[in-house]
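> Provided herewith is a single structure, encoded as structure tokens, for subsequent inquiry.
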Amino acid sequence: MTTGLIFDIQRFSVHDGPGIRTTVFLKGCSLRCFWCHNPEGLRMTPEVQFLPNRCIACGACVVACEHGGQHLDEHGRSFTRERCVACGKCVEACVAEALNLAGRHVTDTEVVAEVLRDRVFYEASDGGVTLSGGEPALQPDFARAILARCKAEGLHTAIETCGNVPWENLAMLLPFTDLVMMDLKQMDAEKHRAATGVGNERILANARRLAGMRVPLLLRTPVVPGVNDTPAEIAAIAAFIAELVSLRAGAGNGVGPTDISWELLPFHRLAADKYRSLGLEYRARDLNPPPRELLAVLSEVAHASGVPVRAH
Amino acid sequence: MLQTSSAPIPFTLEARYKALRATKMAHTAEKWQIIGAMNHDDWGLILPPPEAREIVQALSGSGVLINDVRLKDIPIAVNHPSGGFFGPVAVGRTFRALLERHPVYIDPAASLAGATMVNFMSYRKPHWNPDMDFSHLHEAQHRYQIHSGIGATQHFCPDLAIGLELGWGGLLAKIGYYRELNAPEHDARTAGADFYDGLTDVVLGMQDWIGRHAVAAREMAAAEPRPEVRRNLAEIAEMNEWLISHPPRTFREACQWLLWYLVAARMYNGSGAIGRLDVLLLPYYERDRAAGTLTNDEAAFHIACLLLRDTGYIQLGGPDATGRDVTNPVSYLILEAAHRMKIPANIGVCVGDTTDPGLLTRGVEIMFQDRLGVPKFLGVDRTVEGFARNGYPPELSRQRVYSGCHWLALPGIEYTMNDLVKINLAAVFQTALAEMLEVSREPGTAELWSRFADHLRRAVAVTAEGLDFHLRHMGDVFPELVLDLLCHGTIERGLDAAAGGVDYYNLCVDAAGLATVADSFAACAHWIEREGRLTWTQLKHYLESDWAGEDGERARRLMKRGPRFGHGGTIADEYAMHIARLFTDLVKEKPTPAGYNMIPGLFSWASMIAMGKEIAATPNGRHAGDPISHGPNPDPGFRKDGAPTALAVAVAAVQPGYGNTAPLQLDLDPGLGRDDAGIAAVTALIRSHFALGGTQINLNVLDKAQILEAHRDPGKYPDLVVRVTGFSAYFASLSPEFRQLVVDRIVAET
């Protein structure tokens, strides 16, 4: 039995792989994409979320906090995050549910028990379980244990990875993974670094290695204004994916026309509240979702590559 | 003058749909203005012309006073000092008088004539004959907030095939034949004679009403300059001249005949039971198609004109007596008709092992395209199995069809009182808790459970006594003169359906407020007994003060935050299952004292608000007077992500399992329908709920932002339709507190 850090388990996920799925969100990521819509998944430690609009200023958290992180005085209610050790005592005391602990340590057994609740729905829809995040491959032992147990239960398994992990981590998961969903955000290494905090070399290398194997691969590109929303940038990604397709064919591992496919996902701005609750700056707050017309153009560029592509 | 559509130019089907829909919206706007909020099914009712109408207060379906509109100057055959009219003669005579004075309604854009404008029930004051006293039951009925069903009407299903075969003339002949057999002239004072008098008056009233439409249509045709419109009106005239006495010959005539019967049944006492419309219309469809006299578009349009005038409950597909699926082209046309007309409708799609899966897929597509809460989904295999558990053969069980809000019935042979009889579990719990806190030195959840079980047993017993009382007297108070016409045995025996006229009596007993009680038990077990965060004495104080003060509010939020039914694997989930099982066992333990079978279900209809009004604060953090939980559903907010699968598992786990339903209310985000994968996931969700034991799904696809805006400003979305519970209605027609219930569901779950 292994223990890992997760921040959510979401049942009835229908956009994280085929069919009805349960998505387990593992906490901690090696990228810092400034538009990330799961900011509570970035850090490797539990952290307290504070939702001021729910607070009833009862003061219970002030009493519960042993580190002087919670305050209630004539200026109102405030939270000094620097003092917080994420012990969760204030969260437990908060009856208004204005405080939430993002991140809890759980065992693979506990996770699998929750996942199995929806087995009947997976069977009816060819669905299963997806490990997402954060970056699931940053907790390889834990992720592998969950995937292995789910496989043993006969479930379809998928991972959503940013790709920026040591190959060994990914390799540990692959024997128990039926589908790899991996982000490709930008082909230019410098632009990639500017947008995500790291270059794309390791991601591309991992993608090539995955292409040489048999596991179905779904590449995903979040279309983000200023990051990759031009035809040229999408075309560059398309060319790379076409290369992956020939790599797989060359390795004799092609199992079907859709075993490497691609999805374009438009940026959305729904995460603003989460950033606030975590005391994080939301650097994408002024970005607008890409207009429908632009998406249509980009989608055409993507289709021209010959790779099976789906745009939303 | 009533507003009807002017015949559109060009007179194409598409333009006619549009014109009819616009007229419907104008009628609905007028109803908002005159009646106000309508927390019930839309019914398809049109208001009478202003000069002919009067506004009265009447009892609504949920037992509260509402404004209603009646036709003025209807002679009422009062036969009791209370001012009431009771029994078949007085009721038949008064209803006939109403039919003979009911305005003609012909919309030249439609292919069918007729519409209902009043509720006959609103003339009945008092509803119950006070000579028949049941005051000995009042105290317990009040304590447990039992909707006893005494004096309540319809809620069983006629066999429309009888009417289609006989027509009004044939029905009259049948009444005459059996009258002669059972109550010949020389013994005219027998009760049987009275019953036949009442039935005869209904048929004669119908023939008069239809005949006046035929005359009016002829006149309108004569005055109509446009040939295509004139032809439509002439066809309406000819069709109705024939239907005064004869059975329908064509698909269109069959739709017209059904329309007459359905609006009459609706007017008489609100009945909307249709059942298998696809099967009923199939022979006419096949004949006309073979003769080349009917296109699919025309057939869908005739059906749409029928749906426009009555929001009756329809089952599509499902097994016949032998188990063979009855899905046919008309099943799909009915779905398309609703899809094209885009109005409130109550169409249930069967989902079962042998049922055509295409119906489910098409139903889900339409659900996401139209976002009108149409259709709903029926777990037909589970209800067939469940009904058989009462000791009936599967051949009979398969004939029980969807024909009301959450319910099924055997057409023409079963009296059911479906959806009329309810026990408020929260009231039972409230009684048990108050009693324990009053007398017990060492209160605890074990003792609370035992007291709850005792009181629930008593509530079921009192309900059973009430059912017997109703059946003893109902035929003499307000017989089912319209539904009786299309039953097997009523005319033949000279007995009203409530009085022994049909073969089967399976009386519905529903429980309401499951989650309120399960969460209350769990909150006590968790926070008082396990965590020690509250004492029973404190709880008593907080409940009595309705969580007053800052301490009270803190305690309330604490209790609300505990384990909740629906989350899965919690103590609240266990309580919910125990309560459902206990209720089922108590209802099934024995028949009523007079020997009638009872069938348990879990459903609150739209009575969550009314039922909550008299319930004090409950330990689940609910305020005094707030609504109780909805049917078998968990309370909104039971999990952070409100996963539909969690809901589907929870509701499947509390099914009573004897053929009556515990419907899952599911509200989904429109984003799910953005691609085939989402549609496929929803169909899998529906199938899986039924595979787990679920019986029925009421589904909405609602956009959170839109529903919030429509709540703030209802006039902005006049045509937004939601499935409130078993029925669908215009969102803007609902009262603010009702709209709030829908809003709470969406906001908490997305």
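The values are calculated or read from the model by the stated rules, or taken from the named source; none is laboratory data. Here the structure is a predicted model, which means the values were calculated and not measured. Methodologically, a virtual Cβ is constructed for each residue, glycine included, from the backbone with ideal geometry; neighbour enumeration extends over all protein chains shown.
> Return the total of residues in the stretch B:563-601 being part of a loop (DSSP other than H, G, I, E, B) and surrounded by fewer than 24 Cβ atoms within 10 Å (Cβ to Cβ).
So the count comes out to 12.
> Given the conditions (1) of a type in the set (A, V, I, L, M, F, W, C); (2) over 22 Å from the mean Cα position of the chain (by Cα); (3) in the same structural domain as A:ASP183 (by TED's automatic domain parsing); (4) more than 30 Å from B:ILE679 (Cα to Cα), report the number of the one that A:LEU138 does not fulfil.
Failing condition for A:LEU138: (2).
> Looking at B:GLY568, B:GLY612, B:GLY625, B:GLY621 in this structure, which one is farther than 24 Å from B:MET436 by Cβ and assigned by TED's automatic domain parsing to the domain that holds B:ALA446?
Result of the check over B:GLY568, B:GLY612, B:GLY625, B:GLY621: B:GLY568.
> Would you check if B:ARG179 is over 25 Å from B:ALA273 (Cα atoms) and in contact with a helix residue (DSSP H, G or I) (Cβ under 9 Å, 6 or more places away or on another chain)?
Spelling it out, B:ARG179 is indeed over 25 Å from B:ALA273 (Cα atoms) and in contact with a helix residue (DSSP H, G or I) (Cβ under 9 Å, 6 or more places away or on another chain).
> Among the numbered criteria (1) surrounded by 15 or more Cβ atoms within 10 Å (Cβ to Cβ); (2) without any contact (Cβ under 8 Å) to a residue 60 or more places away in the chain; (3) farther than 30 Å from A:VAL91 by Cα, which one does A:ARG276 miss?
The one condition A:ARG276 does not meet is (3).
> OK, next. One residue is enough: does the stretch B:601-608 have a residue meeting the conditions under 30 Å from B:MET38 (Cβ atoms), among the hydrophobic types (A, V, I, L, M, F, W, C), in contact with a strand residue (DSSP E or B) (Cβ under 8 Å, 6 or more places away or on another chain) and modelled with pLDDT under 95?
Yes - at least one qualifying residue is present in the stretch B:601-608.
Every residue, every condition in (1) away from every other protein chain (no Cβ under 13 Å); (2) under 16 Å from A:PRO52 (Cβ atoms); (3) surrounded by fewer than 24 Cβ atoms within 10 Å (Cβ to Cβ); (4) in contact with a helix residue (DSSP H, G or I) (Cβ under 6 Å, 6 or more places away or on another chain), yes or no:
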residue: A:HIS67; (1), (2), (3), (4): yes, no, yes, yes
residue: A:ARG81; (1), (2), (3), (4): yes, yes, yes, no
residue: A:THR109; (1), (2), (3), (4): yes, no, yes, no
residue: A:ALA113; (1), (2), (3), (4): no, no, yes, no
residue: A:PHE121; (1), (2), (3), (4): no, no, no, yes
residue: A:GLY133; (1), (2), (3), (4): yes, no, no, yes
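> Could you figure out which of (1) modelled with pLDDT of 95 or more; (2) outside any helix (DSSP H, G or I); (3) more than 26 Å from B:TRP43 (Cα to Cα) isn't true of B:ARG189?
Every listed condition holds for B:ARG189 apart from (1).
> Anything in the stretch B:669-702 that is closer than 10 Å to B:PHE368 by Cα, more than 9 Å from chain A (Cβ to nearest Cβ) and either over 19 Å from the mean Cα position of the chain (by Cα) or at pLDDT 95 or above (or both)? List them, or say none.
B:ASP669, B:PRO670, B:GLY673, B:ILE679, B:VAL701, B:LEU702
> If a residue must be modelled with pLDDT of 95 or more and either β-branched (Val, Ile, Thr) or under 30 Å from B:ARG687 (Cβ atoms) (or both), how many such residues does the stretch A:92-113 contain?
Of the residues in that region, 8 qualify.
> Would it be correct to say that A:GLY197 is assigned by TED's automatic domain parsing to the domain that holds A:PRO290 and at positive phi?
So A:GLY197 passes the test.
> Being at positive phi and in contact with a helix residue (DSSP H, G or I) (Cβ under 7 Å, 6 or more places away or on another chain) is the filter here; which residues of the stretch A:94-107 pass it?
A:GLU97
> On the basis of being among the basic types (Lys, Arg), on the phi < 0 side of the Ramachandran plot, touching a strand residue (DSSP E or B) at 6+ places or on another chain (Cβ under 8 Å) and touching a residue at least 60 places away in the same chain (Cβ under 8 Å), does A:ARG81 make the cut?
When the stated conditions are applied, A:ARG81 passes them.
> Here is a follow-up. So which of B:ALA650, B:ALA681 is in a helix (DSSP H, G or I), buried (at least 23 other Cβ atoms within 10 Å of the Cβ) and in contact (Cβ under 8 Å) with a residue 24 or more places away in the chain?
Being in a helix (DSSP H, G or I), buried (at least 23 other Cβ atoms within 10 Å of the Cβ) and in contact (Cβ under 8 Å) with a residue 24 or more places away in the chain holds for just one of B:ALA650, B:ALA681, which is B:ALA650.
> Here is a follow-up. Restricting to the stretch A:187-206, give me the number of residues that are surrounded by fewer than 23 Cβ atoms within 10 Å (Cβ to Cβ) and in a loop (DSSP other than H, G, I, E, B).
Number of matching residues: 5.
Each row is one residue, and each column tells you yes or no for (1) of a type in the set (Lys, Arg); (2) more than 19 Å from B:ASP159 (Cβ to Cβ); (3) touching a Cys at 6+ places or on another chain (Cβ under 6 Å).
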position	(1), (2), (3)
B:TYR284	no, no, no
B:ALA290	no, yes, no
B:CYS305	no, yes, no
B:LEU308	no, yes, no
B:LEU316	no, no, no
B:ILE343	no, yes, no
B:GLY352	no, yes, no
B:ARG362	yes, yes, no
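> Could you look through the stretch B:522-562, keep only residues that are loosely packed, with under 14 Cβ neighbours inside 10 Å and among the small types (Gly, Ala, Ser), and pick out the one that is nearest to the other protein chains (Cβ to nearest Cβ)?
B:GLY549
> Sticking with this one: Looking at A:LEU179, A:LEU101, A:LEU173, which is the one that is within 24 Å of A:GLU40 (Cβ to Cβ), of a type in the set (A, V, I, L, M) and within 17 Å of the chain's Cα centre (by Cα)?
Matching residue, one of A:LEU179, A:LEU101, A:LEU173: A:LEU173.
> Just the residues that are more than 14 Å from chain B (Cβ to nearest Cβ) and buried (at least 24 other Cβ atoms within 10 Å of the Cβ), please, taken from the stretch A:5-25.
Those that are more than 14 Å from chain B (Cβ to nearest Cβ) and buried (at least 24 other Cβ atoms within 10 Å of the Cβ): none in the stretch A:5-25.
> Scan the stretch A:26-49 and tell me whether some residue there is out of contact with any Lys or Arg (no Cβ under 7 Å at 6 or more places or on another chain), buried (at least 23 other Cβ atoms within 10 Å of the Cβ) and within 14 Å of another protein chain (Cβ to nearest Cβ).
no
> May I ask you to list the residues in the stretch B:638-668 that are farther than 30 Å from B:GLU589 by Cα and more than 10 Å from chain A (Cβ to nearest Cβ)?
Scanning the stretch B:638-668 gives B:PHE638, B:LEU666, B:ASP667.
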